[in-house]
Amino acid sequence: MTSFDVIVIGAGHAGVEAAYAAARLGCSVGLCTLSRDTVAHMPCNPAVGGTAKGHLVREIDALGGLMGRAIDATGIQFKLLNRSRGPAVWSPRAQADKRQYSAWVSKALQRQPKISWLIGKAARPEVKHGRVAGLVMDDGTHYGCRALVVTTGTFLNGLIHIGPERRPAGRHNEPPSHELAESLRSFGFDIGRLKTGTPPRLHRDSIDFERAVREGHFVEERGDSVPQPFSFSTTSGLRNQITCWLLHTTERVHDLVREHIDQSPLYNGQIQGIGPRYCPSLEDKVMRFPERERHQIYLEPEGVDVDEIYVNGFSMSLPRDVQELLVRALPGLQDAVVLRPGYAVEYDFVQPTELRSSLETHRVQGLFLAGQINGTSGYEEAAAQGLVVGANAALAVLGKEPLVLGRDEAYIGVMVDDLITRGCLEPYRMFTSRAEHRLLLRIDNADLRLTPLGYRIGLTDRDEWARFSARQDRHSRNTRTLERTLVRTEEGARISASERLRRPGIVLEGLIASGEVHLEFEDVSRSLEVASIENDVKYAGYLRRERASAERTRRQDRKRVPDLFDYARVPGLSREVVQRFSQVRPETVGQASRIPGVTPAAVAVLAAFLERSAFSEADRA
Amino acid sequence: MFSTDDSIVAVATPPGRGGIGVVRISGPESRRIAEAMLTRREPLEARMATFTRVAAKSTDVIDEVVATYFPAPRSYTGEDVVEISAHGNPVVLQAIVVRALEIGARLAEPGEFTLRAFLNGKRDLIQAEAVADLIAAATPMQARVACDQLEGTLTGQISEIDAELFSLIASLEASLDFPDEGYHFIQPAETSRRVAVVVGKIDALLSAARRGRVIREGATVVVVGRPNVGKSSIFNLLVGSDRAIVAAVAGTTRDLISEQVDLDGLAVTLVDTAGAREATDEIEREGIARAERASGIATLLLIVLDGSQPLSRDDEQLLGRTSDRSSIVVTNKADLPAAFEREGGVSVSARTGAGAEDLRRAIVRSLTGEESLRDSAALSNVRHIELLTQAHTRLVAAQRLVDIGDTPEEFVLADLQAARAHLEEIVGARTSESLLHHIFDKFCIGK
Ligand SMILES: Nc1nc2c(ncn2[C@@H]2O[C@H](COP(=O)(O)OP(=O)(O)OP(=O)(O)O)[C@@H](O)[C@H]2O)c(=O)[nH]1
Ligand SMILES: [Mg+2]
């Protein structure tokens, strides 16, 4: 029997990062996928990043992951969102050439000698004495492994809806996994059902873009004139190669939706799963917000020489013919040809409260879950979990402490903590407002925050580390220069440049341009590095306050709850609280305090009880 | 999170009764906090009662106290504890508590000393019944709020303010998280205006604070006047028993005498004092000095005149000295022929009891204003005031940033979110999840 340290099921955005991270830590990895053609596939919109998601990508990159480099290499239009706001909420977004993206990732994995491809359909994990021992494929093949990572996206009991049509499928034209779903169920996991959707794809040649622009139906959307990379290692080569188009729905479209609403599986009871409210279907937009006269639609090419045009903002599950009707009712799309209809897909997910902070399940040792199976949506959320899970599967095999990021350290930390503590009621997407220490978690400092951590456990290689060290030194030198350089104020006083920078209306670019201070930057990352330093100096007070508040939370997060702790032993806790604790099995007092429905004093009692029993155990020893 | 490692303070003895009250400070900082408020410069010694004074900055009260430091773990709570025994007057005790808060203590929630005692193994939870409520309450404040109707109204008002702030924050957060939605969630001018509205409402609540504190904590009403005008007689009349010695000798009352009385549901601490005149001996001099200090901190003064005697220079001086204080002039001995005519005030006879009801009503009206007690939401404890004040500070900071205009929204939001956190310590916290709910319900978001 062939054996691996780690087997990863699924080669989507979570799976590929997991395999890559585990391999980087020196583990032998089996990567199980139905086909090599759909590696890091983008079944939904052909884009990476966006608010908070862009942060996740920067963090993945800072920890040696693939996504940032992949999108820089295959992106065809780049934008930095929120540019008019502060650097804490700047977020990169890019359109991807989805074929090239997939090919790039595939190649990166092939270059990694520790990864073997297991082409086929996974059937069930093999579990012995409560711990993972291997994987059984549906053709009966056995593989041994010490850690098993499941990243099956929407494939668990996937069911696609297009009007009255219902088809078991994980994605367009791909079979779902029933057996795997059933085997997970048999371990006793709390399993729920979610729904997501995708819009129709149109044929590029059936749209006369120039005319639609001329007639005022479409507005061209271009990338930034100076594209910003996602990856800290990208030094050049970013190119905007395409245009996207913005248009709007009309009353006529809304009327058509209302007219056909009974044919929507979302509105006639055919769909049970809960969909994401931040990504409403066209049906929801029209029915829930009748006062809105129009909604935005973006037409996005799925690649440089790909025929498909993605109709962003137009996801729906209405019947094929109605979809065609609706598309052609959009201004400028009267002749559009629908290549593929939009659809809704329902799928099983495992309540992430089943997971530890390492994303290993509480129930089965060595079994790790990442991505949509944990109730999240989005490539970036999946990839970020994949990275964590791959590292942790490897660290578990190596007998080392898991990689757990704090809520004040990374968006990844916020996401994992939210998932395992609160569970999911709807697909989980990252937002900057979920990060209470947002001011500390910027895209410009993702590497300063995380790369040293990644290097310590082996996620970052020597070359990357050398580059990072240079950048870190440059950053501290620049900060020091600002403190030491004296500049003149309007009143003629001489003060340090950093003090000057704290005054309203003074910007660092101004001090540089006037020759008052001399700092060093790398060309491609210049504007981010400038922002980084300026932000740290200008808002030092806010950042200090933020760090202090983070430290208060940290103190609680350092108090550990033992594995398999029996909450019923704690006097004074109500039955409901004991039940909540037992479901979530918090690993720290801090996590316990974030569980919904748990009172502050209950947490204090738990903390004190743990402290006292720790004392008495120490006495006994 | 309910913090268990900071320092907390509260009056530890039941209100009213008894001549001595104890303020307890517990936690790692308790000794530093106590030493900072005591006039004695030497450090407190463990388990030694130290006679000294408390200097309370905010009200200028200086009172003699006995301070005792109990190092952990041999203390009531098992932590470092300082107990300050002072004169039982609630106002004095409150002033000591306020001073401790200024130096860095946090006001203890009801049952919190006991909770800590339990947490440190000093007590069985079953014994500590007060703790059960605390554990059940979602926020520390709720434990207190549940038991008081008045506070319910107050919490309602803070809730409304919080909801307004929350919805403003939601709009701002939406514009950060959904920058390409094609519509602006909120403009700076609108932000500034809405912050101003919230600031205004908090201002109103804070200015109601004084009245509210009267309602919750009771007022101190101090009886003053020249010797022998019948102060002690009036004190006894209001108390309903012969608590103070009454005698025809001028200078009978030497020290402060205080008693808790209930006037129409209002808890009032009534204080009888030594008559104001040139003292004849050391004890009387000290008594008069104390009378002056007591009148200095009084919520309301009852200035007693003897109606059967013409007004003396002492009377005139007293009236002049107290003209800017909230006071009621009480003309006593109405059973005897009047020696002068005087507009306003209340006329009573301590001997016959005539006018007693008028006097009671006048006191209540003067303490509470014209509003009916039951409907007015008011800030009822120092903790509320403290939290509202903090929220206020952060909101004002936020507004300044908005008005200056060159600070990115996320910093404005940092201030607004901090303000919200302060309010929600009173009314119960909302999560980032509920923020997103609010955004999705209100706006059509997403592609
Ligand atoms: N006729 C009459 N005598 C009164 C009345 N009230 C008090 N007295 C008498 O006045 C005298 C002084 O009364 P106290 O109540 O001791 O006066 P005080 O203001 O407390 O005096 P000091 O404590 O000495 O300052 C006593 O003899 C009382 O009996 C009253 O309403 N009518
Ligand atoms: Mg007297």
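Observations
- Meets criteria (in contact (Cβ under 8 Å) with a residue 12 or more places away in the chain, surrounded by 22 or more Cβ atoms within 10 Å (Cβ to Cβ) and in contact with an Asp or Glu (Cβ under 9 Å, 6 or more places away or on another chain)) for residue A:589: yes
- Per the listing A:427, A:452, A:402, the residue uniquely surrounded by fewer than 21 Cβ atoms within 10 Å (Cβ to Cβ), closer than 24 Å to residue A:349 by Cβ and in the same structural domain as residue A:30 (by TED's automatic domain parsing) is A:402.
- Filter result (exposed (fewer than 14 other Cβ atoms within 10 Å of the Cβ) and either at pLDDT below 80 or part of a strand (DSSP E or B) (or both)) within segment B:6-21: B:14, B:17, B:18, B:19, B:20
- Wholly enclosed helices (runs of 4 or more DSSP H) of segment B:22-132 bearing at least 3 residues modelled with pLDDT under 85 and within 14 Å of chain A (Cβ to nearest Cβ): B:112-119
- For segment B:226-250, filtering for residues that are on the phi > 0 side of the Ramachandran plot and near ligand 1 (Cβ under 7 Å from one of its atoms) leaves 2.
- Residue within segment A:279-300 that is in the same structural domain as residue A:333 (by TED's automatic domain parsing), within 26 Å of residue A:443 (Cα to Cα), under 23 Å from the mean Cα position of the chain (by Cα) and modelled with pLDDT of 90 or more present: yes
- Of all the criteria given as (1) within 21 Å of residue A:379 (Cα to Cα); (2) among the hydrophobic types (A, V, I, L, M, F, W, C); (3) within 14 Å of chain B (Cβ to nearest Cβ), the one not satisfied by residue A:160 is (3).
- Residue in segment B:290-308 that is within 16 Å of ligand 2 (Cβ to nearest atom), farther than 15 Å from residue B:363 by Cβ and free of Cβ contacts under 8 Å to residues at least 60 places away in the same chain present: yes
- Residues being out of contact with any Gly (no Cβ under 7 Å at 6 or more places or on another chain) and more than 14 Å from chain B (Cβ to nearest Cβ) are entirely absent from segment A:502-509.
Residue-by-condition table, conditions (1) of a type in the set (Asp, Glu); (2) surrounded by 17 or more Cβ atoms within 10 Å (Cβ to Cβ); (3) closer than 26 Å to residue A:92 by Cβ; (4) not assigned by TED's automatic domain parsing to the domain that holds residue A:93:
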position: A:444; (1), (2), (3), (4): yes, yes, yes, no
position: A:487; (1), (2), (3), (4): no, yes, no, yes
position: A:495; (1), (2), (3), (4): no, no, no, yes
position: A:504; (1), (2), (3), (4): no, no, no, yes
position: A:510; (1), (2), (3), (4): no, no, yes, yes
position: A:513; (1), (2), (3), (4): no, no, yes, yes
position: A:531; (1), (2), (3), (4): no, yes, yes, yes
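- Residues within segment B:231-253 that are more than 9 Å from ligand 2 (Cβ to nearest atom) and under 23 Å from residue B:21 (Cβ atoms), tallied: 6
- Contact map, segment B:235-250: first residue over 15 Å from residue B:275 (Cβ atoms) and in contact (Cβ under 8 Å) with a residue 24 or more places away in the chain, second residue part of a helix (DSSP H, G or I) and more than 8 Å from ligand 1 (Cβ to nearest atom), Cβ cut-off under 6 Å, separation 6 or more or different chains; pairs are B:237/B:356.
- When residues of segment B:254-279 are limited to those that are near ligand 2 (Cβ under 9 Å from one of its atoms) and among the β-branched types (Val, Ile, Thr), the one nearest to the other protein chains (Cβ to nearest Cβ): B:257
Matching residues to (1) farther than 20 Å from residue A:440 by Cα; (2) in contact with a helix residue (DSSP H, G or I) (Cβ under 7 Å, 6 or more places away or on another chain):
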residue: A:496; (1), (2): yes, yes
residue: A:501; (1), (2): no, yes
residue: A:504; (1), (2): yes, yes
residue: A:510; (1), (2): yes, no
residue: A:520; (1), (2): yes, yes
residue: A:525; (1), (2): no, no
residue: A:528; (1), (2): no, no
residue: A:534; (1), (2): no, yes
residue: A:539; (1), (2): no, yes
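- Residue check for residue B:334: within 15 Å of ligand 2 (Cβ to nearest atom) and in a loop (DSSP other than H, G, I, E, B): no
- Those residues of segment B:297-315 which are away from ligand 1 (no atom under 13 Å from the Cβ) and farther than 12 Å from residue B:225 by Cβ, in sequence order: B:297, B:298, B:299, B:300, B:310, B:313
- Residue match in segment B:171-189 (condition: away from every other protein chain (no Cβ under 14 Å), touching a helix residue (DSSP H, G or I) at 6+ places or on another chain (Cβ under 7 Å) and modelled with pLDDT of 80 or more): no
- Of all residues in segment A:227-257, exactly one satisfies the criterion of being buried (at least 20 other Cβ atoms within 10 Å of the Cβ), within 14 Å of residue A:332 (Cβ to Cβ) and among the polar types (S, T, N, Q), namely A:249.
- The residues of segment A:208-229 that are part of a strand (DSSP E or B) and touching a residue at least 60 places away in the same chain (Cβ under 8 Å) amount to a single one, A:221.
- Some residue of segment A:184-205 being under 30 Å from residue A:366 (Cα atoms), crowded, with 20+ Cβ neighbours inside 10 Å and of a type in the set (Gly, Ala, Ser): no
- Checking each residue in segment A:524-555 for being polar (S, T, N, Q) and within 11 Å of chain B (Cβ to nearest Cβ) picks out A:535, A:549, A:553.
- Residue list for segment A:92-133, restricted to those being touching a residue at least 12 places away in the same chain (Cβ under 8 Å) and at positive phi: A:120, A:130
- Some residue of segment B:276-296 being within 19 Å of residue B:354 (Cα to Cα) and within 15 Å of ligand 1 (Cβ to nearest atom): no
The values are calculated or read from the model by the stated rules, or taken from the named source; none is laboratory data. These numbers were taken from a predicted model, which means no experiment stands behind them. Please note: Cβ atoms are built from the backbone with ideal geometry, for glycine as well, and neighbour counts cover all protein chains shown.
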